[in-house]
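Each remark here refers to the structure printed beneath this line.
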Amino acid sequence: MTPAVIAQIEPIATPEIEWFAVSPLLVLVGGALVLLTAAALARSRPPRGFYALFTVVTAALAVACSALLWQRVTDPGRGPFTAIGGAITIDGFSVFFAVTITAAIALGALLADDYLRREGLDGPELYVLMLLSGTGGVVMAMANDLIVVFLGLETLSIALYVMAGLHLRRLESQESAIKYFVLGSFSSAFLLYGIALVYGATGSTNFGAIAGFLSGNVLASNGLLLAGFALLLVGLGFKVAAVPFHVWTPDVYQGAPTPVTAFMASASKAAGFAALLRVFVSTFDVYRLDWRPLMWGLAVLSLLVGSFLAVVQSDVKRMLAYSSISHAGFILVGAEAASDRGIAGALFYLLAYTFMVVGSFGVATLVGGRGDADHGLSAYRGLSRRRPLLALAFTVLLLAQAGVPLTSGFLAKFYVIGAAVEADSYALALIAMLSAVVAAFVYLRITVAMYMGDETEGAEAVTRPAVRVPPGAALALGVAVAFTIVVGILPSPVVDFARDAVPVLLSAP
Amino acid sequence: MLALLLALHAVLALAAPALGRRLGPRVFLVCALAPGATAAWAATQAAGVLDGSATTQVLPWVPGLGLDLALRLDGFALLMVALVSGIGAVLFAYSRWYFSPRPGLGRFAGVLTAFAGSMLGVVLADNLLLIYVFWELTSITSYLLIGFEDEKGSARAAALQAILVTGAGGLAMLAGFVIVGQAAGTYSLSGILADPPGGGVVGAGLVLVLVGACTKSAQVPFHFWLPAAMAAPTPVSAYLHSATLVKAGVYLIARFAPAFAAGHAFWRPLVMGLGVATMLLGGWRALRQHDLKLLLAYGTVSQLGFMVVLVGAGIPELTFAGAALIVAHGLFKAALFMVVGIVDHQAHTRDLRVLSGLGRRMPGVAAVAAVAAASMAGVPLLLGFLSKEAAYEGLLHAHLGVGGSLALAGVVVGSVLTFAYGARFVLGGFGAGFGESAGGGDPVGPDVARPAPAFVVPAALFAVLTVVAGVAPALVDPLVGGGAGALDAAAGKAHLALWHGFTPALGLSVLTLAAGALLVAGAGTVERVQARLAGAPSAAGVYSSALVGLNRLADRVTAVLQNGSLPVYLGVILLTVLALPGLALLTRTRLPGGVVVGESPLQVVVAGVVLAAAVGAAFARRRFAAVLFLGGVGYGVAVLFVIQGAPDLALTQLLVETLAVVIFVLVLRHLPERFEPSAWRLGQATRVAVAGGVGVFVAAFSLVAAGARTAEPVSGAYLEQAVPEAGGQNVVNVILVDFRAFDTLGEITVLTVAALGIVSLVQAGRRQQDEA
């Protein structure tokens, strides 16, 4: 072709990419790729802890980018915006989740550091997968389009499937991976079905466009839309482990390598809720009368099933798994309120919960010992005598999960309960408190085991292998406990952070 | 200043463990600074506060959630502070002599100080949520105090029970607070009481608050934790039962009653009914205890019931009587527990069947016990008599109809029981044995060591105060009147008096004393009746069987729902899908019209083959056969694509299918040849039903989704423009290389990268093999 002809061709309209908007994603993905490439090319083993340190630095960079974004979106002159042709939204909400998920990555990496060496699994894979999975989570939080939600969800999940099976010598790890994979694939498929139906009903997959269509039109028959809601709820409910889509949780949490469980319970749940809140509470706001009962049912079931079944477990990892289900119920209480206060409460809860749960599974990582198998309640008997500080840290985290005052857990519970009452969901608030009572029993059981091992067990306690507390895990636990207490006493900055992070609906430009 | 005092408690609590290592038991004297300073400061404020001007202090905490550190010292708070910090300071001093040096004492002193601070916070807080915060802190710290002797299994079990019951009640209370607070639009206690919200929802919230208060104050049916918590060291029992922990519930009811009792029909029957029931039950149970401490514990339960009747009525005269009783009970119960502590410390037993003749050995202690017990029983010239007289007076004049008469009757009977167990305490502990079991076993008493004077002085102090206040009511009247006045302005006008004249109330008092004396005389009969009734179900039994039942129920549910079987898990999810979206699809949408079933006979044939293969895959016994059938389904679909005129799709489908079969076969090498036959018919039937249902659902979904198209299909434009724009007859090719060339380029790039990755993976594997 001659230059003249070429000059005639209209340039293809590609969407303008705001690199700044996706900088946290770029940092995370870039970090993962650099780590993978460097580890593959390096001739000698890197110094101890290099992978973990690299991951933490990457996470810190991502948080720094998020902080810059936060400045931009909270600047009254500029505010939230969409990027990449309206595919993603950068608002307080996405920044909030970027920070939450990145924090989970950093803490998870710190926990994994010694764990991998202890189990003879050392290598960069887990860190790379964690970064990639976290990227998927942040994509879900930034999504302004159902398809982008799906993209993020799959990135998050596929990495997690592999991570769950990473402990090659533990059969439970392999089993949990295959279970998670099979069930996860089904739920992803249902999510896609849901997207298709919502698209069929509204003619768009873009949140702004969907919301605009729903508020501007009265649908003659809304069956498509309602079926779409329900299917989306199946897919997202699976990710947040809400009952009845929770069945995988105890098995997978128990089987997966414990640092992976910590990451799964925090980052993956946060990402699922990010999508759930943005899709339902924000985008489908007009149809709240239709989806609130569904959310109500999920919340009630999660609260009750999670707390009651946690009581009868004898394995601490399973107890924590069920309790994480009941925490999901609490966050759903905030979502069910369908108000700004409810969302802010859910966000506050998620951030507080992230630190609590990573810390709790962090303790399980250490107590589990070589082979990652020693998770029975008996392993915790008399821990206060063997490792007083570790026992104290776990106590604080458990009390926080129970919602005891002067920890972040109390304010989190109060925040969502207050939102529910404000939205006249009295029954839900009561059920939530009831389940909190039952769940408190679980946390107390573990605490009692740690502090008040039976007299006869004095001899046995000595024969148990000593619990090692390596520096990386100690740092992670310290951060988790410090966050839990400091936010419990001086919560205002985090309350403001959550309040300013309520999602904003923006149409594509 | 209020916040500073709380901070002082916190600082000393944190410092105590370190101090304890250096000072030993003297650390209690250092810690006594906190309650002592509080009591002293409160005394300086007394004049103004009792006149009705409250001292307040507000510090912001979480403004975004309506949480602030609002502290308020009004008349009633002052009365409580006098108990919490006044009695607290004395008990700290007593602990100095009670405990012998032992490791962990500093930590214990710290927790006790933290507990005193938390309790102070409960009575000073003017924000519902702040009350809750301190309330839970008292639960946790009391848990640690009760479980202090954690070598004893019973101490641990009791501590666990106490925190479970009170913690559960506390969470219910939080829900109630949120409901009441949201309805009122403020969480400020004084704000809510000044302008109480109404309505059914608020009623529900109040019930929850009452649940919290009743668990804390050990009201029926939550009374069982308190006697069990007797495992605590005596100074702790004295502190928890006389002045603090258990009074928190009474405190809360007293605050709420004047504002809400009249507006909610359920309030008085519920609160007063529970109070009377608790008073009777506690008194009855106390009559059959042999352990002096347990006897007192049930006595506390009974007295708490009495207080709840009085302060819960929301009637000025009764509120006043309740305030008086709170003070009187604080004094005599503290003295009684300290007496038990002395007896236990010197004689190493608390069993009244064994103790004998202690009164002659330590007459001072016996005198203190007698005075305190007499005050509890309502003997004239003691503070307890004044409060009981005021209570009778108020109940006689409260116009509450039949319920009021019942309450009065209950309170009189309860007081008779109180007299009886009070006498049992004194006679059994210090006399020559008591009841039918007297004389059994080896009596302990005449040869025990005498207690150090400093050990007895604190108890004696309370006994003296009881007498002084009883003889000269004017001394305590301002405190009681000011306290009651802060709850209910009308209640502040009443006065304590030694002599009201020959009133019906006086008659009731005389009746009480006489009947009580009769009961003491017939103690043997009472014990026999008690023994016969002992088989009745108790709340503690219900509690423990509820725990066991909960465990068993959840166990069973777990076995069904969490058996680790992947098909069951998948079934749960699929069933939910069928139930919710499936139902919506079925009932709310219509299948699109004009569905073409088939365009050629060949399609029908191939579809039949696909169906047959699918059924075959489901029924195959051997894994290999099942995989082949699955492949058949896939290849059949590929043929359908060809017939429809989409060779590119068919090609892709063929490739994917072939690859899948190959991978399957590779995996099959590691699996057993046959599927394990399932013996469970019902399970199989369920699986078939679920699978069929999901199949129908997916089919319906496809039809509905395809029928929901509203936009113009993009293929039309492609077909139109293929020849003029791109000059190609094959529209698929044109799309791939022209219209969407960039997509194709991207895909090729991805494939190349993936291929490179695979190559390096394969090489890596080979390298490792070489090395090995």
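For region A:339-377, give me each residue that is out of contact with any strand residue (DSSP E or B) (no Cβ under 8 Å at 6 or more places or on another chain) and part of a loop (DSSP other than H, G, I, E, B).
Residues satisfying the conditions are A:Ser339, A:Gly369, A:Arg370, A:Gly371, A:Asp372, A:Ala373, A:Asp374.
Could you list all residues from region B:55-82 that are aromatic (Phe, Trp, Tyr) and away from chain A (no Cβ under 14 Å)?
Passing the criteria: only B:Phe76.
Whether any residue in region B:587-607 is within 30 Å of A:Ala242 (Cα to Cα), open to solvent by less than 90 Å² (accessible area, probe 1.4 Å) and within 14 Å of chain A (Cβ to nearest Cβ) is what I want to check.
There is at least one residue in region B:587-607 that is within 30 Å of A:Ala242 (Cα to Cα), open to solvent by less than 90 Å² (accessible area, probe 1.4 Å) and within 14 Å of chain A (Cβ to nearest Cβ).
In region B:712-729, which residues are of a type in the set (A, V, I, L, M, F, W, C) and open to solvent by less than 60 Å² (accessible area, probe 1.4 Å)?
B:Ala717, B:Ala722, B:Ala726
Checking A:Ser133 against (1) more than 17 Å from A:Tyr180 (Cβ to Cβ); (2) in a helix (DSSP H, G or I); (3) not aliphatic (A, V, I, L, M), which test does it fail?
Condition (1) is where A:Ser133 drops out.
Restricting to region B:101-132, and then to whatever is part of a loop (DSSP other than H, G, I, E, B) and in contact with a helix residue (DSSP H, G or I) (Cβ under 7 Å, 6 or more places away or on another chain), can you tell me which residue is least open to solvent (accessible area, probe 1.4 Å)?
B:Asp126
Of all residues in region A:176-195, which are within 18 Å of A:Leu126 (Cα to Cα) and open to solvent by 40 Å² or more (accessible area, probe 1.4 Å)?
Answer for region A:176-195, where residues must be within 18 Å of A:Leu126 (Cα to Cα) and open to solvent by 40 Å² or more (accessible area, probe 1.4 Å): A:Ile178, A:Phe181.
Would a scan of region A:408-418 turn up a residue that is within 8 Å of another protein chain (Cβ to nearest Cβ) and not in a helix (DSSP H, G or I)?
Scanning region A:408-418 turns up no residue that is within 8 Å of another protein chain (Cβ to nearest Cβ) and not in a helix (DSSP H, G or I).
Quick check: anything in region B:674-692 in contact with a Leu (Cβ under 6 Å, 6 or more places away or on another chain) and of a type in the set (Val, Ile, Thr)?
Within region B:674-692, one or more residues are in contact with a Leu (Cβ under 6 Å, 6 or more places away or on another chain) and of a type in the set (Val, Ile, Thr).
Could you tell me whether region A:340-349 includes any residue that is over 21 Å from B:Met173 (Cβ atoms), without any contact (Cβ under 8 Å) to a residue 60 or more places away in the chain, of a type outside the set (Val, Ile, Thr) and surrounded by fewer than 24 Cβ atoms within 10 Å (Cβ to Cβ)?
no
For region A:201-256: of the residues being over 30 Å from A:Ile101 (Cα atoms) and of a type in the set (Val, Ile, Thr), which is farthest from the other protein chains (Cβ to nearest Cβ)?
Restricting to residues being over 30 Å from A:Ile101 (Cα atoms) and of a type in the set (Val, Ile, Thr), the top hit is A:Val218.
Is one or more of the residues making up region A:155-162 surrounded by fewer than 24 Cβ atoms within 10 Å (Cβ to Cβ) and touching a strand residue (DSSP E or B) at 6+ places or on another chain (Cβ under 6 Å)?
No, there is no match, as no residue in region A:155-162 is surrounded by fewer than 24 Cβ atoms within 10 Å (Cβ to Cβ) and touching a strand residue (DSSP E or B) at 6+ places or on another chain (Cβ under 6 Å).
Find all pairs meeting these conditions: Cβ atoms under 7 angstrom apart; at least six residues apart or on different chains; first residue within region B:179-193 and in contact (Cβ under 8 Å) with a residue 60 or more places away in the chain; second residue of a type in the set (Lys, Arg) and open to solvent by 40 Å² or more (accessible area, probe 1.4 Å).
If the second residue must be of a type in the set (Lys, Arg) and open to solvent by 40 Å² or more (accessible area, probe 1.4 Å), the pairs left are B:Ser190/B:Arg72.
Filter region B:195-206 for residues that are in contact (Cβ under 8 Å) with a residue 60 or more places away in the chain and open to solvent by 40 Å² or more (accessible area, probe 1.4 Å); which is farthest from the other protein chains (Cβ to nearest Cβ)?
By that ranking, first place goes to B:Pro196.
Scan region B:315-356 residue by residue and report those that are surrounded by 22 or more Cβ atoms within 10 Å (Cβ to Cβ) and among the hydroxyl-bearing types (Ser, Thr, Tyr).
Once the filter is applied, which keeps residues that are surrounded by 22 or more Cβ atoms within 10 Å (Cβ to Cβ) and among the hydroxyl-bearing types (Ser, Thr, Tyr), region B:315-356 yields B:Thr319, B:Ser356.
Show the residue pairs meeting these rules: Cβ distance below 6 Å; 6+ apart or different chains; first residue within region B:516-530 and modelled with pLDDT of 80 or more; second residue of a type in the set (A, V, I, L, M, F, W, C) and in a helix (DSSP H, G or I).
B:Gly516/B:Val416; B:Gly516/B:Phe419; B:Gly516/B:Ala420; B:Leu519/B:Ala420; B:Val520/B:Ala420; B:Val520/B:Ala423
Which one is farthest from the other protein chains (Cβ to nearest Cβ) among residues in region B:653-711 that are among the aromatic types (Phe, Trp, Tyr) and assigned to a helix (DSSP H, G or I)?
Checking each candidate, the answer is B:Phe664.
One residue is enough: does region A:318-326 have a residue meeting the conditions crowded, with 22+ Cβ neighbours inside 10 Å and more than 14 Å from chain B (Cβ to nearest Cβ)?
Yes - at least one qualifying residue is present in region A:318-326.
Scan region A:367-405 for residues that are open to solvent by 10 Å² or more (accessible area, probe 1.4 Å), away from chain B (no Cβ under 14 Å) and touching a Lys or Arg at 6+ places or on another chain (Cβ under 8 Å) and jot them down.
Those that are open to solvent by 10 Å² or more (accessible area, probe 1.4 Å), away from chain B (no Cβ under 14 Å) and touching a Lys or Arg at 6+ places or on another chain (Cβ under 8 Å): A:Arg370, A:Gly371, A:Ala373, A:Arg386.
Condition (residue is open to solvent by 40 Å² or more (accessible area, probe 1.4 Å), of a type in the set (A, V, I, L, M) and part of a helix (DSSP H, G or I)) applied to region B:81-89: is it met by at least one residue?
Yes, because at least one residue in region B:81-89 is open to solvent by 40 Å² or more (accessible area, probe 1.4 Å), of a type in the set (A, V, I, L, M) and part of a helix (DSSP H, G or I).
Looking only at region B:639-646, decide whether some residue is loosely packed, with under 12 Cβ neighbours inside 10 Å and either in a loop (DSSP other than H, G, I, E, B) or within 14 Å of another protein chain (Cβ to nearest Cβ) (or both).
Yes, the conditions are met somewhere in region B:639-646.
Tally time: how many residues in region B:371-420 are in a helix (DSSP H, G or I) and within 14 Å of B:Phe332 (Cα to Cα)?
Adding up the residues that qualify gives 15.
Might you check whether a residue that is surrounded by fewer than 20 Cβ atoms within 10 Å (Cβ to Cβ), in a loop (DSSP other than H, G, I, E, B) and either under 20 Å from the mean Cα position of the chain (by Cα) or more than 9 Å from chain A (Cβ to nearest Cβ) (or both) occurs anywhere in region B:157-177?
Scanning region B:157-177 turns up no residue that is surrounded by fewer than 20 Cβ atoms within 10 Å (Cβ to Cβ), in a loop (DSSP other than H, G, I, E, B) and either under 20 Å from the mean Cα position of the chain (by Cα) or more than 9 Å from chain A (Cβ to nearest Cβ) (or both).
Any chance region B:591-606 includes a residue that's part of a helix (DSSP H, G or I) and closer than 30 Å to A:Ala230 by Cβ?
No, the conditions are met nowhere in region B:591-606.
Residue by residue, here is whether (1) under 25 Å from B:Thr166 (Cβ atoms); (2) modelled with pLDDT under 95 holds:
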| site | (1), (2) |
| --- | --- |
| A:Val357 | no, no |
| A:Ser360 | yes, no |
| A:Gly371 | no, yes |
| A:Gly376 | no, yes |
| A:Arg385 | no, yes |
| A:Leu389 | no, yes |
| A:Pro405 | yes, yes |
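Results for (1) within 12 Å of another protein chain (Cβ to nearest Cβ); (2) under 26 Å from A:Leu36 (Cα atoms), shown as yes or no for each residue.
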{"site": "A:Asp145", "(1), (2)": "no, no"}
{"site": "A:Val149", "(1), (2)": "no, yes"}
{"site": "A:Tyr161", "(1), (2)": "no, yes"}
{"site": "A:Leu166", "(1), (2)": "no, yes"}
{"site": "A:Ser173", "(1), (2)": "no, yes"}
{"site": "A:Phe190", "(1), (2)": "yes, no"}
{"site": "A:Val198", "(1), (2)": "yes, no"}
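Check region B:36-54 and report whether any residue there is of a type in the set (A, V, I, L, M), closer than 26 Å to B:Ala15 by Cα, surrounded by fewer than 19 Cβ atoms within 10 Å (Cβ to Cβ) and more than 14 Å from chain A (Cβ to nearest Cβ).
yes
The values are calculated or read from the model by the stated rules, or taken from the named source; none is laboratory data. As the structure is a prediction and not an experimental result, all values here were calculated from the model. As a convention, Cβ positions derive from the backbone with ideal geometry for all residues, glycine included, and neighbour counts pool all protein chains shown. Keep in mind that these areas ignore ligands, DNA and RNA; they rest on the heavy atoms of the full protein, side chains included. Shrake-Rupley method; radii C 1.70, N 1.55, O 1.52, S 1.80 Å.
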